[in-house]
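Right, one structure below, let's go through it.
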Amino acid sequence: MKKSSKLFEGFVHGIFLVLGLVTIACVLIITVYLVASGIPGIVEIGLTDFLFGDEWASTAAEPKYGILPFILTSIYGTLGAIIIGVPIGVLTAVYLAKIAPSSVKNVMGQMVSILAGIPSVVYGLVGMMVLVPGLRKLFDIPDGASLLAAIIVLAVMILPSIIKMSVTALEAVPQEYEDASLALGATAEETYFRVSLPAAKSGVAASVVLGVGRAIGEAMAVMMVAGNAPNMPDSLFQSVRFLTTAVASEMSYSSGLQRQALFSIALVLFVFIMLINALLNFFLKGEKKE
Amino acid sequence: MNSIITAQDLCLWYGQSQALKNINIQIPERSITALIGPSGCGKSTFLKTLNRMNDLINGVRITGTVEYNGTDIFSQDVNQLRKEVGMVFQKPNPFPMSIYDNVAYGPRTHGIRNKAQLDEIVERSLRDAAIWDEVKDRLKKNALGLSGGQQQRLCIARALAVQPKVLLMDEPTSALDPISTLKIEELATNLKETYTIVIVTHNMQQALRISDRTAFFLLGELVEYGDTEQIFSQPADKRTEDYVTGRFG
Amino acid sequence: MISRSRKLFLWTVRCLMGLAVAVTGGITLFIVFYVLAQGLPNITWELLSTSPSYLSDRIGILPDILNTVYIIIATLVIVLPLGVGAAVYLTEYATNRRIVSVIEYAAEALSGIPSIIYGLVGMLMFSNNIGTSLMAGALTLVIMNLPTIMRNTQESLKTVPQSYREGAFGLGAGKWRVIRTVVLPNCVDGIVTGCILSVGRILGESAALLFTAGFAHMANGFFEGLGSAGATLTVALYIYAKEQGEFEVAFAIASILMILAMLINLSATLVTKKFQRRKK
């Protein structure tokens with residue numbers, strides 16, 4: 001090979017290497033930015049006061065920056081969404097993967113894709129206009145914008161990822177397992193729930209973790225239905241603020257320590273998400289092994 | 001000997017193509033019946049008809065009758081039928097659960113919840129399947145960790161746990177090494193004291209070694225059916241002779 | 001006959017499954033039809049073709065439409081070379097398993113990060129340097145969509161038969177020439193699918209844009225627009241619904257977004273089907 005062309009190939013290789021490393025760089029930069037901007041706030045407020053303080057009053061004369069209400073709200077909200085969304089999603093997935101005739105399967109598959117494609121602000125808008133007034137009338141409460149409203153919206157929003165991933169996992173269950181169960185005199189339904197579903201458990205678990213990630217990271221839809229008062233989530237009917245909405249709702253007018261505290265909240269959220277990602281990887285690896 | 005399964009004029013179609021043509025056969029109780037024939041001859045299809053596993057395939061049409069213990073299998077409850085007519089598959093297919101849960105799956109399905117009773121069934125089934133000594137210390141371990149031969153004996157134990165009368169075996173040793181094969185054959189010979197075994201096999205020696213009666217299938221027809229020794233030594237039909245002497249197939 | 005408790009189980013799970021499917025389908029149909037019914041009647045030519053004006057008490061979403069188009073174009077122009085390049089590196093150059101798995105892990109991490117965090121980091125990285133602008137928003141969206149483009153391209157690069165490459169190398173072509181003439185033309189399907197999915201994601205994105213691209217409603221030309229702050233349709237929907245209580249406009253935008261989202265679904269399905277057939 002000529003020397004110049006060798007040089008050229010090396011140059012091209014170098015360019016592609018750089019492009020490949022961009023992804024890693026992005027993750028590193030995001031992490032550095034979040035840590036660098038999040039730490040000062042935590043240091044100034046004090047880690048325990050920040051994480052376990054139960055009052056957030058950022059604009060008071062004597063401001064308080066306790067984010068326990070946000071952390072608990074995010075956890076409760078996510079748990080609630082999982083409790084409602086997972087059974088609906090998994091049951092739908094079993095039906096679609098194992099029982100549904102192909103026409104129903106196609107139609108439902110399209111519907112699930114549509115559900116996945118709806119922007120979160122549209123979920124928020126529908127929640128605001130239908131769910132919030134509905135809850136107010138149903139439970140006779142002063143305002144329907146509440147933890148419960150957020151839980152319901154989040155439950156619907158995580159449905160598509162749970163259904164899609166669970167269907168994939170269930171379809172990958174070998175036919176032989178099901179044959180063996182049927183040959184023992186189990187009915188089709190007993191087979192799907194006692195053999196197929198346990199055999200697909202890694203994939204289903206991964207879908208749930210993915211749902212947790214979606215729910216804990218959702219901001220706009222929640223902002224539109226949760227009421228956004230920084231209350232402790234003592235009741236389902238209370239106006240609450242999530243970690244995500246805590247960042248979003250004050251960012252545009254914040255300054256000084258308040259602004260730093262918002263960055264610290266984002267850092268806490270980021271840590272949560274990274275933990276969930278690690279968990280997701282763990283389950284996905286488990287599925288590959290099987 | 002009493003016959004436990006009787007098929008009369010049994011025909012089966014997959015869509016347009018006919019896979020079984022007027023099968024008439026009586027399978028005696030507590031014996032081993034081998035089904036032999038070249039690939040695609042209908043022997044596996046026939047076997048799967050006996051516990052109605054063919055029901056699961058779209059476009060299957062069946063005429064004629066099959067009686068199990070004097071009652072038509074197509075008019076009785078399919079789950080009850082499959083409880084009494086168990087099946088062991090070509091490829092070992094234990095569930096991805098513990099060894100214990102694999103064996104207990106059947107009894108649990110049929111409503112046995114009592115722990116002591118389940119323990120007893122699991123132990124007895126594993127003993128009957130000649131695998132108890134190898135797994136008794138690791139009942140809670142995942143069954144997929146067993147070797148292929150052990151998995152197949154576990155599958156036999158799983159089938160025995162629901163106390164069937166008949167055991168259908170669809171080429172149970174074709175995926176196994178010679179030593180595991182021998183163990184399964186020995187096991188089958190012991191099991192015929194209590195159970196009726198119908199086994200599909202490609203292996204002539206195997207049919208000769210373990211079966212009491214042999215049925216030769218060709219192109220969806222039952223060509224010849226009789227005592228194994230007679231089928232192999234002096235077959236009545238030319239086609240049977242060609243097959244068992246290895247001239248085709 | 002099977003026992004009564006087994007029958008009970010059978011009917012319970014059947015009912016539960018039916019219920020679950022009905023809920024999933026019912027909610028989807030309800031949202032789609034509710035949004036369309038509330039929004040479509042409010043879409044007028046005036047709404048689509050004008051800018052909002054306090055003087056004449058008029059709301060128009062032309063600037064938001066333009067902003068959306070601009071930000072999509074800007075994002076794709078930047079993210080395509082990055083994402084496709086990364087995919088080419090992973091499948092054609094990388095020999096070290098460690099590097100590949102680290103890059104793939106990083107891509108997974110990126111796709112798991114919530115958009116509000118992207119919004120915040122985008123604000124710190126871009127808006128604080130080049131000002132709150134569509135360009136700052138687009139750069140933020142580039143990072144968000146990098147994994148999508150990369151993964152889809154990678155998937156289709158994997159399906160390019162090794163024999164194609166060998167054939168070209170056998171003719172004495174250099175690596176870059178092989179990539180340019182043989183590998184890239186054969187992974188167009190993955191790139192197209194990645195683009196469609198990215199467009200969908202950009203259309204639906206709001207949290208990442210609120211603090212990076214801002215929420216002005218000024219109609220500008222392309223380059224001028226990229227340099228100034230502006231709301232996309234999704235952000236505008238949020239502002240109109242949450243801050244200004246203009247629900248008719250909000251629903252009109254929502255129905256437009258809904259129709260676009262369905263079109264994107266449809267075209268993604270069609271593209272996948274078409275290319276699958278061709279590959280066979």
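The values are calculated or read from the model by the stated rules, or taken from the named source; none is laboratory data. Small disclaimer: the values here were computed from a predicted structure and weren't measured. Here the Cβ positions follow ideal geometry from the backbone for every residue, glycine too, while neighbour counts run over all protein chains shown. Just so you know, the surface numbers come from the protein's heavy atoms only, side chains and all, with ligands and any DNA or RNA stripped out. Shrake-Rupley method; radii C 1.70, N 1.55, O 1.52, S 1.80 Å.
Just to confirm my filter: which helices (runs of 4 or more DSSP H) fall fully inside region B:1-109 and include at least 3 residues that are of a type in the set (A, V, I, L, M, F, W, C)?
Correct list: B:43-50, B:99-109.
Determine, yes or no, whether A:Y253 is among the aromatic types (F, W, Y), within 13 Å of chain C (Cβ to nearest Cβ) and open to solvent by 10 Å² or more (accessible area, probe 1.4 Å). Against the criterion (among the aromatic types (F, W, Y), within 13 Å of chain C (Cβ to nearest Cβ) and open to solvent by 10 Å² or more (accessible area, probe 1.4 Å)), A:Y253 qualifies. Taking the residues in region A:29-61 that are among the polar types (S, T, N, Q) and either surrounded by fewer than 16 Cβ atoms within 10 Å (Cβ to Cβ) or in a helix (DSSP H, G or I) (or both) as candidates, determine which candidate is farthest from the other protein chains (Cβ to nearest Cβ). Here the residue is A:T48.
Would it be correct to say that A:D234 is farther than 25 Å from A:M165 by Cα, open to solvent by 10 Å² or more (accessible area, probe 1.4 Å) and without any contact (Cβ under 8 Å) to a residue 60 or more places away in the chain? So A:D234 passes the test. Give me a count of the residues in region A:84-97 that are surrounded by fewer than 21 Cβ atoms within 10 Å (Cβ to Cβ) and in contact (Cβ under 8 Å) with a residue 12 or more places away in the chain. The qualifying residues number 2. When we screen B:K83, B:K115 for residues that are away from every other protein chain (no Cβ under 12 Å) and open to solvent by 30 Å² or more (accessible area, probe 1.4 Å), the only hit is B:K115.
Among what's in region C:172-187 and is in contact with a helix residue (DSSP H, G or I) (Cβ under 9 Å, 6 or more places away or on another chain) and over 13 Å from C:G85 (Cα atoms), pick the residue that is least open to solvent (accessible area, probe 1.4 Å).
Taking region C:172-187 as the starting set, the residues that turn out to be in contact with a helix residue (DSSP H, G or I) (Cβ under 9 Å, 6 or more places away or on another chain) are C:173-179, C:181-184, C:186-187.
Filter once more, keeping what is over 13 Å from C:G85 (Cα atoms): C:173-175, C:177-178, C:181-182, C:186.
Working: C:A173: 25, C:G174: 24, C:K175: 67, C:R177: 124, C:V178: 3, C:T181: 66, C:V182: 26, C:N186: 53 Å².
It comes out as C:V178.
Yes or no: region C:27-44 includes at least one residue that is open to solvent by less than 50 Å² (accessible area, probe 1.4 Å), under 30 Å from A:I83 (Cα atoms), among the hydroxyl-bearing types (S, T, Y) and under 23 Å from the mean Cα position of the chain (by Cα). Taking every residue of region C:27-44 in turn, at least one turns out to be open to solvent by less than 50 Å² (accessible area, probe 1.4 Å), under 30 Å from A:I83 (Cα atoms), among the hydroxyl-bearing types (S, T, Y) and under 23 Å from the mean Cα position of the chain (by Cα). The residue that is nearest to B:M169 (Cα to Cα), counting only those in region B:204-249 that are more than 20 Å from the chain's Cα centre (by Cα) and open to solvent by less than 10 Å² (accessible area, probe 1.4 Å), is B:I231.
Per the conditions (1) within 23 Å of C:I253 (Cα to Cα); (2) part of a helix (DSSP H, G or I), the sole criterion not satisfied by C:G60 is (2).
Can you find a residue in region A:138-147 that is open to solvent by less than 10 Å² (accessible area, probe 1.4 Å), of a type in the set (A, V, I, L, M) and within 23 Å of the chain's Cα centre (by Cα)?
Taking region A:138-147 as the starting set, the residues that turn out to be open to solvent by less than 10 Å² (accessible area, probe 1.4 Å) are A:144, A:146-147.
Pick out the ones that are also of a type in the set (A, V, I, L, M) and you get A:147.
Filter once more, so that each one left must be within 23 Å of the chain's Cα centre (by Cα): A:147.
So far as region A:138-147 goes, yes, one or more of its residues are open to solvent by less than 10 Å² (accessible area, probe 1.4 Å), of a type in the set (A, V, I, L, M) and within 23 Å of the chain's Cα centre (by Cα).
Check region C:76-96 and report whether any residue there is more than 14 Å from chain A (Cβ to nearest Cβ) and surrounded by 15 or more Cβ atoms within 10 Å (Cβ to Cβ). Within region C:76-96 (the criterion being more than 14 Å from chain A (Cβ to nearest Cβ) and surrounded by 15 or more Cβ atoms within 10 Å (Cβ to Cβ)), the answer is yes, since at least one residue qualifies. Counting only residues that are surrounded by 23 or more Cβ atoms within 10 Å (Cβ to Cβ) and over 32 Å from the mean Cα position of the chain (by Cα), region A:183-206 holds 4 of them.
The condition (being at the interface with chain C (Cβ under 7 Å from one of its Cβ atoms), modelled with pLDDT of 95 or more, farther than 19 Å from A:G213 by Cα and open to solvent by less than 40 Å² (accessible area, probe 1.4 Å)) is satisfied by just one residue among A:V156, A:V126: A:V126. You will find that of C:S156, C:S127, the residue that is under 29 Å from C:C187 (Cα atoms) and either touching a residue at least 12 places away in the same chain (Cβ under 8 Å) or among the small types (G, A, S) (or both) is C:S156 and no other. Residue count for region A:62-81 under the criterion of being open to solvent by 30 Å² or more (accessible area, probe 1.4 Å) and either at positive phi or assigned to a helix (DSSP H, G or I) (or both): the result is 5.
Taking region B:127-227 as the region of interest, the helices (runs of 4 or more DSSP H) fully inside it that hold 1 or more residues being free of Cβ contacts under 8 Å to residues at least 60 places away in the same chain and more than 28 Å from B:T245 (Cβ to Cβ) are B:132-135, B:148-160, B:178-191. State which residue is nearest to the other protein chains (Cβ to nearest Cβ) when the search covers only region C:192-212 and only residues that are in a helix (DSSP H, G or I), open to solvent by less than 10 Å² (accessible area, probe 1.4 Å) and farther than 22 Å from C:T153 by Cα. Taking the candidates together, the pick is C:A207. Out of the residues in region A:221-231 that are within 14 Å of chain C (Cβ to nearest Cβ) and assigned to a loop (DSSP other than H, G, I, E, B), which is least open to solvent (accessible area, probe 1.4 Å)? Within region A:221-231, the match that is least open to solvent (accessible area, probe 1.4 Å) is A:A226. Flag: C:P63 matches the condition of being away from every other protein chain (no Cβ under 11 Å) and surrounded by 12 or more Cβ atoms within 10 Å (Cβ to Cβ). Cβ-Cβ contacts under 7 Å between residues 6 or more apart (or on different chains), taken from a first residue in region C:224-250 that is outside the structural domain of C:L203 (by TED's automatic domain parsing) to a second residue that is among the hydrophobic types (A, V, I, L, M, F, W, C) and in a helix (DSSP H, G or I), are absent. Only a single criterion out of (1) under 18 Å from A:Y76 (Cβ atoms); (2) more than 12 Å from every other protein chain (Cβ to nearest Cβ); (3) outside any loop (DSSP other than H, G, I, E, B) is not satisfied by A:F237, namely (3). Apart from one condition, A:A180 fits all of (1) within 11 Å of another protein chain (Cβ to nearest Cβ); (2) more than 16 Å from the chain's Cα centre (by Cα); (3) surrounded by fewer than 24 Cβ atoms within 10 Å (Cβ to Cβ); (4) of a type in the set (A, V, I, L, M, F, W, C); the exception is (3). Among the residues of region A:46-77, just one is more than 24 Å from A:L154 (Cα to Cα), in contact (Cβ under 8 Å) with a residue 24 or more places away in the chain and β-branched (V, I, T), namely A:T59.
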